[in-house]
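Asks: Can you read through this structure? Questions will come right after.
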Amino acid sequence: MDQDGATRRQALGLGLGALAAAGAVEALSGGHAFAAVGDMAGLAWANNAMRWAQVAFTEEDPPRYDPNFWFDLFKKTHIEAVTLSAGGDIAFYPTKVPLHKRARDLGDRDMLGEMIKGCRALQMSVVCRVDPHAMSEEAYATHPEWAACTADGKPRRHWAAADMWVTCQNGGFYFDFMPAVLKEITQLYGPEGFFGNRWAGSGMCWCATCRTKFRAATGLELPTGNDPQEPRRAAYILWDRQMRSQQFKLWNDTVAAVKKDCFFSPNGGLNDPNTVVHPLVAVDRQGRSGTTPLWMMGKYAKQVRAYMQNLPVYGLFNVGIEDTNRWKDSVQRGPELEAWAHAGIAQGFRPWYCKFNARIFDPRWVAPVTRIFEWHHAHDKYMRNTANLAKVAILNSYQSGTFTAGGVAPEAGDGIRAAARVADAQNGYYQALVEARIPFEMADDRQMEPQHISRYRVLVLPDVAALSDAQCRQLRAFVMAGGRLVATGETSLYDEVGKKRANFGLADLFGCDYVKTESGLKNSYLTPRHPHPLVRGLENAPRIIAATQQLTVRPHDTQRQPLTLVPAYPDLPMERVFPDQEDTSIPMVFCREVGRGRVVYFPMDIDRTFWEVLHEDHLLLLKNAVLWAMDEPQPMTVTGPGLVDISYWRQKNSLAAHLVNMNNPMFMKGPYREMLPAGPYTVSLALPDGAKVGGVKLLESGTVAKTKMVSGRLVVEVPRIRLHEVVAVELA
């Protein structure tokens, strides 16, 4: 029970009118939605398995694949654990569970058993992959109520496999059939665990089962719209999480009852890190498409590690081309595979390669994957991280993304999805910190107790619109104790389920009160007011572009601020392109000393605008805001050319400073064609208290580093980075 609201179970029993007032409030602000499964951090195999592989079988594989190819490759790539397709929609073993369809070409073979036997001989741990999202014609004919339905109640044929049906995630297939499958696999093969693809279903279902269960839990009918501020949609979001909680607990308890310490790990984890502890989480981010920046794999690592803490997190990448067209049997070229994998490794992912189809008809992926994993194995001791040494963190807000910034329906307004605005603001600040070479982590908005955030000096809140009263108190306490905040846009203007407040929840920290928000502004500018560290680097700029969303605020005092507004004026006709007011005192940033801490607040979406236009003036402001707030040296600094993503880690007896070279024309539009080396670089590292340096080497180049001590910091020369250089420091 959270002091700010009712428990989630109580909330789901409330009627329509009370939902927003109690149910949704508690649900995301500290309620415990998922049943605890105990502390599994003691599973030695899960903690020690550094490199994984996955083979996703197809129905034509059993008589055509060569298991010895895989066993040889597992040895070459030093794989310690493997995920193998087992069952769910299609079985790759001689199942006896009724309606569990065997693979078309399985015959009398036991493909799963063959692979497990060979992996056990190599002393590998085995996790069985299950996929419950589809069922056969026979299963549908016997249990039509297992099928998912569209809003008009029609059963859903599978969108790609015409002879199969999409399953309902809340009905008998998930809650009766799948436990029987999981129990059988555990009894026959005793795997260490299970991994689930599409474990949470394939979108919303409107079948009779879902309608009945939802009505019983909430008294409401299922929603048909997407606006999270519509009471039925808000209730559905919470109810769906309840159902996934029940499903997870059922599946996990089922396998643990057969084999102690066996577990089920959902793809990407669950949505409540406070009450479910997995021994590991795999994050399925198979490759880049569109304009995905290379650092995105590292961002995924940071987001999940924020709530996994020091438990293992794996970056799952596909050797094929993962695009909206899903060319599963394609092959990515080496540079792209290596760049994507290393971008994640630098930020704490343990690598996990995935191959669709057990047959090998295009082996071009084997060499680059082998290089990645041989390199990782050769430097294993420097990959066993115990702590990240960054002092800055971006707050990842699941509730802002879920309930959107302001509860705008996805199709409403100016056509810009509110949830997308939240992601774009985050990506903008992420890009700025990468360019600024400020080492940083990500924190989780569901874990803001001191034990989780006190290790950071600066928390960045990029348009973190949805914050509960309890979360605002946590952030206020963080600042009063000496922490620093940098916030933008509508941060704290909404509660944890997107209900708009009359004022910012953090108005006392920001130093201003909310009046209104204007979006879609054109031809508006900012005037830098010198001298102030925030506008350092803009001394020769009389005016810079402003953001497209601006908040009118009422300052608490008349303190002069280093940015003021030039209000928007016409951009056409050309004869009218001049401002009515060239000079105002309207502040567009608030830089304040509060308690023992500091706060920077931008009443505009400067980070989202930066992500859109990548304007260097905005980069300077976003960087300077963090530097001014921090007011002490960074633990790691890098000088040298271009774009370098960095991280700084502690291991048991060593330090590792990672530098990923992102100087490539394909940085934001993959795939990489070749590696373009860059350098030289100078790396300066603050050493942990009492640490003494032994040897220092560069892992990519394989050379002893040239070093010196300057003002108590270790300074290392890095002549060249091909892709991923690591400054490895032995502690004496």
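Asks: Which members of the stretch 610-639 meet the condition of being without any contact (Cβ under 8 Å) to a residue 12 or more places away in the chain and within 16 Å of residue 590 (Cα to Cα)?
Replies: None - no residue of the stretch 610-639 is without any contact (Cβ under 8 Å) to a residue 12 or more places away in the chain and within 16 Å of residue 590 (Cα to Cα), so the list stays empty.
Asks: Would you confirm, using the coordinates I've provided, whether residue 656 is surrounded by 15 or more Cβ atoms within 10 Å (Cβ to Cβ), in contact with a helix residue (DSSP H, G or I) (Cβ under 6 Å, 6 or more places away or on another chain), small (Gly, Ala, Ser) and not assigned by TED's automatic domain parsing to the domain that holds residue 321?
Replies: For residue 656, the condition - surrounded by 15 or more Cβ atoms within 10 Å (Cβ to Cβ), in contact with a helix residue (DSSP H, G or I) (Cβ under 6 Å, 6 or more places away or on another chain), small (Gly, Ala, Ser) and not assigned by TED's automatic domain parsing to the domain that holds residue 321 - is met.
Asks: May I pose another question? Go through (1) within 31 Å of the chain's Cα centre (by Cα); (2) of a type in the set (A, V, I, L, M, F, W, C); (3) modelled with pLDDT of 95 or more and name the single condition residue 668 misses.
Replies: Checking residue 668 against (1) within 31 Å of the chain's Cα centre (by Cα); (2) of a type in the set (A, V, I, L, M, F, W, C); (3) modelled with pLDDT of 95 or more, the one that fails is (3).
Asks: Could you tell me whether the stretch 190-201 includes any residue that is modelled with pLDDT of 95 or more and part of a helix (DSSP H, G or I)?
Replies: no
Okay, residues lined up against (1) over 25 Å from residue 402 (Cα atoms); (2) at pLDDT 95 or above:
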{"position": "419", "(1), (2)": "no, no"}
{"position": "424", "(1), (2)": "no, no"}
{"position": "428", "(1), (2)": "no, yes"}
{"position": "434", "(1), (2)": "yes, yes"}
{"position": "442", "(1), (2)": "no, yes"}
{"position": "456", "(1), (2)": "yes, yes"}
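Asks: Would you call residue 700 within 25 Å of residue 666 (Cβ to Cβ), at pLDDT 95 or above, part of a strand (DSSP E or B) and in contact with a Leu (Cβ under 9 Å, 6 or more places away or on another chain)?
Replies: Against the criterion (within 25 Å of residue 666 (Cβ to Cβ), at pLDDT 95 or above, part of a strand (DSSP E or B) and in contact with a Leu (Cβ under 9 Å, 6 or more places away or on another chain)), residue 700 does not qualify.
Asks: Looking only at the stretch 230-270, how many residues end up being crowded, with 19+ Cβ neighbours inside 10 Å, out of contact with any strand residue (DSSP E or B) (no Cβ under 8 Å at 6 or more places or on another chain) and not in a helix (DSSP H, G or I)?
Replies: 1
Asks: Output the residue which, of all residues in the stretch 697-732 that are among the β-branched types (Val, Ile, Thr) and buried (at least 19 other Cβ atoms within 10 Å of the Cβ), is nearest to residue 662 (Cα to Cα).
Replies: So, considering only residues that are among the β-branched types (Val, Ile, Thr) and buried (at least 19 other Cβ atoms within 10 Å of the Cβ), the one nearest to residue 662 (Cα to Cα) is 721.
Asks: Considering (1) touching a residue at least 40 places away in the same chain (Cβ under 8 Å); (2) within 32 Å of the chain's Cα centre (by Cα); (3) buried (at least 16 other Cβ atoms within 10 Å of the Cβ), say which one residue 151 fails and leave the rest.
Replies: Tallying (1) touching a residue at least 40 places away in the same chain (Cβ under 8 Å); (2) within 32 Å of the chain's Cα centre (by Cα); (3) buried (at least 16 other Cβ atoms within 10 Å of the Cβ), residue 151 fails exactly one: (3).
Asks: Is the stretch 609-625 home to any residue that is assigned by TED's automatic domain parsing to the domain that holds residue 530, surrounded by fewer than 18 Cβ atoms within 10 Å (Cβ to Cβ), on the phi > 0 side of the Ramachandran plot and in a loop (DSSP other than H, G, I, E, B)?
Replies: Among the residues of the stretch 609-625, at least one is assigned by TED's automatic domain parsing to the domain that holds residue 530, surrounded by fewer than 18 Cβ atoms within 10 Å (Cβ to Cβ), on the phi > 0 side of the Ramachandran plot and in a loop (DSSP other than H, G, I, E, B), which makes the answer yes.
Asks: Does residue 550 satisfy the criteria of being surrounded by 13 or more Cβ atoms within 10 Å (Cβ to Cβ), in contact (Cβ under 8 Å) with a residue 24 or more places away in the chain, touching an Asp or Glu at 6+ places or on another chain (Cβ under 6 Å) and not hydroxyl-bearing (Ser, Thr, Tyr)?
Replies: For residue 550, the condition - surrounded by 13 or more Cβ atoms within 10 Å (Cβ to Cβ), in contact (Cβ under 8 Å) with a residue 24 or more places away in the chain, touching an Asp or Glu at 6+ places or on another chain (Cβ under 6 Å) and not hydroxyl-bearing (Ser, Thr, Tyr) - is met.
Asks: Could you look through the stretch 100-122, keep only residues that are under 18 Å from residue 186 (Cα atoms) and among the aliphatic types (A, V, I, L, M), and pick out the one that is surrounded by the most Cβ atoms within 10 Å (Cβ to Cβ)?
Replies: Selected residue: 112.
Yes/no per residue for (1) among the charged types (D, E, K, R); (2) over 25 Å from residue 335 (Cα atoms); (3) touching a strand residue (DSSP E or B) at 6+ places or on another chain (Cβ under 7 Å):
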residue: 617; (1), (2), (3): yes, yes, yes
residue: 620; (1), (2), (3): no, yes, no
residue: 632; (1), (2), (3): yes, yes, no
residue: 644; (1), (2), (3): no, no, yes
residue: 655; (1), (2), (3): no, yes, yes
residue: 668; (1), (2), (3): no, no, no
residue: 677; (1), (2), (3): no, no, yes
residue: 693; (1), (2), (3): no, yes, yes
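Asks: Filter the stretch 562-586 down to residues that are in contact with a Lys or Arg (Cβ under 7 Å, 6 or more places away or on another chain) and in a loop (DSSP other than H, G, I, E, B) and give me whichever is farthest from residue 518 (Cα to Cα).
Replies: Result: 562.
Asks: Among the residues of the stretch 715-729, write down those that are part of a strand (DSSP E or B) and touching a residue at least 40 places away in the same chain (Cβ under 8 Å).
Replies: 716, 718, 721, 724, 725, 726, 727, 728, 729
Asks: Continuing with the same structure: Of the conditions (1) in the same structural domain as residue 52 (by TED's automatic domain parsing); (2) touching a helix residue (DSSP H, G or I) at 6+ places or on another chain (Cβ under 7 Å), residue 159 fails just one. Which one is it?
Replies: (2)
Asks: Still on this structure: Here is a list of conditions, (1) touching a residue at least 24 places away in the same chain (Cβ under 8 Å); (2) part of a loop (DSSP other than H, G, I, E, B); (3) surrounded by fewer than 19 Cβ atoms within 10 Å (Cβ to Cβ), and residue 689 meets all of them except one; can you say which number that is?
Replies: (1)
Asks: Can you find even one residue in the stretch 91-108 that is closer than 19 Å to residue 262 by Cα and part of a strand (DSSP E or B)?
Replies: Within the stretch 91-108 (the criterion being closer than 19 Å to residue 262 by Cα and part of a strand (DSSP E or B)), the answer is no, since none of the residues qualifies.
Asks: Identify all residues within the stretch 202-228 that are part of a loop (DSSP other than H, G, I, E, B) and touching a strand residue (DSSP E or B) at 6+ places or on another chain (Cβ under 9 Å); write none if there are none.
Replies: Once the filter is applied, which keeps residues that are part of a loop (DSSP other than H, G, I, E, B) and touching a strand residue (DSSP E or B) at 6+ places or on another chain (Cβ under 9 Å), the stretch 202-228 yields 202, 203, 205, 206, 207.
Asks: Among 339, 367, which is the only one that is under 19 Å from the mean Cα position of the chain (by Cα), more than 22 Å from residue 49 (Cβ to Cβ) and assigned by TED's automatic domain parsing to the domain that holds residue 106?
Replies: Exactly one residue qualifies, and that residue is 339.
Asks: Of the residues 642, 597, which single one is without any contact (Cβ under 8 Å) to a residue 60 or more places away in the chain and farther than 21 Å from residue 524 by Cα?
Replies: 642
Asks: Moving on. Considering each of 644, 594 in turn, give the residue that is more than 13 Å from residue 433 (Cβ to Cβ) and of a type in the set (A, V, I, L, M, F, W, C).
Replies: Of the residues listed, the single one that is more than 13 Å from residue 433 (Cβ to Cβ) and of a type in the set (A, V, I, L, M, F, W, C) is 594.
Asks: Continuing with this model, one more query. Taking only the stretch 494-506 into account, find how many residues are at pLDDT 95 or above and either of a type in the set (Asp, Glu) or buried (at least 20 other Cβ atoms within 10 Å of the Cβ) (or both).
Replies: Total satisfying the criteria: 3.
Asks: With the checklist (1) surrounded by fewer than 21 Cβ atoms within 10 Å (Cβ to Cβ); (2) free of Cβ contacts under 8 Å to residues at least 40 places away in the same chain in hand, flag the one item residue 214 doesn't pass.
Replies: (1)
Asks: Quick test for you: out of 605, 645, 571, 580, pick the one residue that is surrounded by 15 or more Cβ atoms within 10 Å (Cβ to Cβ), in the same structural domain as residue 515 (by TED's automatic domain parsing) and of a type in the set (Asp, Glu).
Replies: 605
Asks: Of the residues that sit in the stretch 161-174 and are within 28 Å of the chain's Cα centre (by Cα) and not β-branched (Val, Ile, Thr), which one is farthest from residue 212 (Cα to Cα)?
Replies: My answer is 174.
The values are calculated or read from the model by the stated rules, or taken from the named source; none is laboratory data. Just so we're clear, the structure is a prediction, and the values are computed from it rather than from any experiment. Counting neighbours? That spans all protein chains shown, and the Cβs are built from the backbone with ideal geometry, glycine included.
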